[in-house]
Amino acid sequence: MATLNDIGVAAAINILTAFAFFLAFAMLRIQPVNDRVYFPKWYIKGLRSSPLVNGSAFASKFVNLDLRSYTRFLNWMPAALQMPEPELIDHAGLDSAVYLRIYLLGLKIFGPIALIAFTVTIPVNWSNNTLEHSGLTYSDIDKTSISNIPIGSHKFWTHLVLAYCFTFWTCYVLKREYEIVAAMRLHFLASDQRRPDQFTVLVRNVPPDPDESVTDLVQHFFLVNHPHHYLSHQLVYNANKLSELVNEKKKIQNWLDFYQNKYKRNPLKRPSLKTGFLGLWGNRVDAIDFYTSIVERLSRDICGEREKVNSNTKSIMPAAFVSFKTRWGAAVCAQTQQSRNPTTWLTEWAPEPRDVYWENLAIPFVFLTIRRLIAAVAFFFLTFFFMIPIAIVQSLANIESIEKALPFLKPIIEVKFIKSFIQGFLPGIALKIFLLLLPTILMMMSKFEGFISLSALERRSASRYYFFQFINVFLGSIITGTAFQQLNHFIHQSTNQIPKTIGVSIPMKATFFITYIMVDGWAGVAGEILRLKPLIIYHLKNSFLVKTEKDREEAMDPGTVGFNTGEPQIQLYFLLGLVYAVVTPILLPFITVFFALAYVVYRHQIINVYHQEYESAAAFWPDVHVRVVAALIVSQLLLMGLLSTKEASQSTPLLITLPVLTICFHRFCKGRYEPAFVRYPLQEAMIKDTLERAKEANLNLKGFLQNAYIHPVFKSADGSDSDSESESEWERSPALVATKRTSKRFTPMPSKDGGSLLSLDQVNDECLKP
């Protein structure tokens with residue numbers, strides 16, 4: 001077991017590692033040659049120019065010769081905190097600003113809790129000697145936990161009172177943050193500049209009609225049912241094969257550029273390659289001619305496939321992006337049922353154009369349920385079968401197990417420094433390695449399920465990643481780690497004593513989580529700011545592929561905050577902090593340091609590096625809120641189970657009320673604040689529309705929307721919309737549209753009200769009456 005000294009050594013190692021990363025970052029970021037790696041966001045915005053093209057000395061273009069700048073290597077930290085939040089929202093978007101508030105939420109919750117726990121809980125736990133007479137394997141850290149309190153002691157009332165205090169404080173902070181973020185979202189939507197998704201609705205499962213094409217059917221349906229607000233529509237095409245060809249051509253073009261640059265540097269020798277697998281065998285050919293022929297072939301294939309998509313009706317999906325003249329009209333359509341058949345004409349807010357995941361729009365709507373069932377089954381097996389390798393890792397990731405498996409290493413392992421190093425690093429690193437491929441696998445599952453936006457894909461992946469970590473990292477590490485550590489004690493005790501032993505041992509697993517927080521949290525966050533992988537890739541591309549300034553811009557990889565991986569990792573720390581706040585509070589300072597360090601680092605990255613792919617206006621906050629609430633309930637249930645093993649039965653009725661109160665709190669927040677994240681108030685839409693009409697009376701909205709939702713592979717070919725009607729024509733009353741439809745299945749019934757809408761067939765019949 002790790003002692004306080006081992007944890008101290010491990011903390012020192014992780015602090016030194018983090019400091020080394022920060023020092024390396026501070027040195028690398030001020031070198032002119034790395035400017036595009038550490039400040040790409042400013043280049044994308046056009047607010048920063050490369051220091052390599054100015055008229056300074058040759059050496060100073062690549063190496064910073066200003067010695068004074070090296071003495072201010074930590075000035076990026078206060079600089080990251082200087083930008084006010086409103087300016088940060090304008091600079092990076094609401095998603096990024098609200099993502100940072102998750103770290104602030106952690107600081108607000110765990111700062112006061114850590115202070116109270118250290119002044120009250122730890123002295124109460126330490127002033128006992130229960131573990132010394134228990135026969136269990138324990139360390140000095142475990143003596144600060146609830147396990148060190150005698151069975152049936154009145155001191156458990158201290159933990160009960162603190163559980164109530166921590167619950168009320170957490171709920172207060174959660175409510176306050178939910179209220180702030182909801183207000184920020186509504187203000188952002190009200191003051192944000194005009195965006196296509198504010199006027200556009202995605203309609204899916206358009207029912208087939210034997211007499212009309214999909215485009216005519218969509219136009220007729222919305223002219224009848226939304227006659228004063230319908231503006232235009234854009235069909236959805238299955239262009240996945242065309243997209244694959246375009247991407248393949250781009251990759252081949254990169255290789256062609258590489259060999260052309262290589263030939264320019266050495267004109268005396270034409271580059272060549274072997275055509276076999278990975279260039280290891282096959283006929284040797286001229287590389288430039290080889291890739292030129294492939295590019296030409298792919299260009300012909302792309303033209304043919306584009307023509308096929310445009311001419312083949314089977315490429316048209318029963319879906320469309322429908323645009324409206326007002327935000328109010330779009331809000332009404334997106335938030336209401338369009339047909340008496342609830343499975344057809346399904347409408348939802350269209351994602352922002354940058355947020356659309358075009359490949360999944362080609363999936364027929366009827367297959368989505370089947371796909372999600374398959375993905376759920378696959379995720380179930382992935383989650384529970386993953387416990388096997390984690391159990392093995394947990395059994396081996398301690399000193400005793402290594403010495404048993406490799407006895408010849410015992411003299412080396414027993415060296416004090418090496419022993420502390422293994423105790424501080426091995427368990428956390430082993431678990432981190434096993435989780436490396438998990439986000440990629442979960443993202444593939446989300447794409448298979450058919451979500452149509454990048455934000456939805458990331459939220460789905462984040463949800464499953466969190467559940468996976470809860471089962472395997474949290475519960476799996478506690479159950480398997482405790483079982484292996486106390487195996488000898490389990491074998492030599494009666495069966496009815498095993499649950500009590502597990503109850504005592506759960507708090508003692510805090511040592512493993514402390515090392516995991518230091519490795520993954522402290523050193524991991526410091527490694528994030530170093531950006532070693534993007535640094536290497538940028539210089540490789542800059543050396544071999546870059547020909548123009550545009551190529552150099554494309555070589556930059558600013559990245560994103562990575563909500564699908566970052567947020568579940570943060571939630572794991574919320575879970576650990578809330579579970580161990582009462583049980584083993586020695587863990588709280590490590591979590592508090594993580595939140596503080598991560599807030600500064602990610603604020604710097606958001607300001608200078610990350611370029612968000614989309615803007616969802618903080619639509620993810622309800623997920624953040626519900627996962628913190630779930631962690632709070634889990635902590636209450638575990639405390640209830642733990643105290644039951646301590647024969648503190650008199651506290652059980654009082655603890656039962658905590659989960660009930662927490663669930664009631666969640667239902668209140670869900671009803672009060674969540675609607676702001678799932679629906680758009682008609683009042684807000686009308687206010688925005690009225691103000692816009694007053695300021696821009698001659699706005700050409702159709703011109704603004706005409707190419708917004710065209711598939712990216714068509715945008716280069718489609719310079720203008722085929723529909724050339726002017727905006728003024730759309731402001732007139734709805735025109736009569738000739739219909740080929742003989743069926744009236746999708747025509748609304750006439751209303752008793754005088755202002756009811758008639759179907760197109762009824763309108764034409766009325767006009768033909770004498």
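Report the normalised scattering of region 263-306 as log10 I(q)/I(0) at q = 0.31 Å⁻¹, calculated by the Debye formula with identical scatterers on the alpha carbons. Evaluating at q = 0.31 Å⁻¹ gives log10 I(q)/I(0) of -0.99. Accessible surface calculations at 1.4 Å, restricted to protein heavy atoms, place region 215-351 at 53 Å² per residue. Nonpolar atom fraction for region 172-260, defined as the carbon and sulfur part of the 1.4 Å probe accessible area, stands at 51 percent.
By definition, a body whose alpha carbon gyration tensor gives a ≥ b ≥ c is oblate when a/c is 1.5 or more and a/b is not larger than b/c, and region 148-303 fits this oblate description. Where the alpha-carbon atoms of region 215-351 are placed on the principal axes, they occupy 71, 28, 23 Å, in descending order.
Placing R0 at 51 angstrom, the Cβ-Cβ distance between Y263 and T71 gives a FRET efficiency of 0.65 after rounding to 0.05. In the calculated pair-distance distribution of region 303-359, the portion above 13 angstrom amounts to 72 percent of the Cα-Cα pairs. Sorted largest first by accessible area at a 1.4 angstrom probe radius, with every protein chain in place, the residues F385, F434 fall in the order F385, F434.
Hey, with R₀ at 22 Å, roughly what FRET efficiency would K45 and L81 work out to, going by the Cβ-Cβ distance, to 0.05? Calculated value: 0.60. Note on L535 and F367: their simple-model spin labels are 4.5 nm apart, each label 7 Å out from Cα toward Cβ.
Highest mean packing comes first when the peptides 659-670, 600-611 are listed by Cβ atoms within 10 Å, giving 600-611, 659-670. Applying 1/(1 + (r/R0)^6) with r as the Cβ-Cβ distance of L104 and V377 and R0 = 41 angstrom yields a FRET efficiency of 0.60. Ranking Y38, Y466 by solvent-accessible area of protein heavy atoms (1.4 Å probe, all protein chains present), from largest to smallest, gives Y466, Y38. Going down the list K250/K547; K308/K715; K45/K432; K250/K550, which pairs span over 26 Å between their C-alpha atoms? Going by Cα-Cα distance, K45/K432 fall outside the 26 Å limit.
How compact is region 602-663 by the rule of thumb for globular proteins, expressed as Cα Rg over 2.2 N^0.38 Å? Dividing the Cα radius of gyration by 2.2 N^0.38 Å gives 1.82. When K646, K155 are compared by accessible area of protein heavy atoms, the largest-first order is K155, K646, using a 1.4 Å probe. Label zone (N707, point 7 Å along Cα-to-C-beta; backbone nitrogen cut-off 19 Å) within region 225-259: 232-237, 243.
The values are calculated or read from the model by the stated rules, or taken from the named source; none is laboratory data. No experiment lies behind these values; they were computed from the predicted model shown. All Cβ positions, glycine included, derive from the backbone under ideal geometry; neighbour counts span all protein chains shown. Note: areas computed on protein heavy atoms with side chains; ligands, DNA, RNA excluded. Shrake-Rupley method; radii C 1.70, N 1.55, O 1.52, S 1.80 Å.
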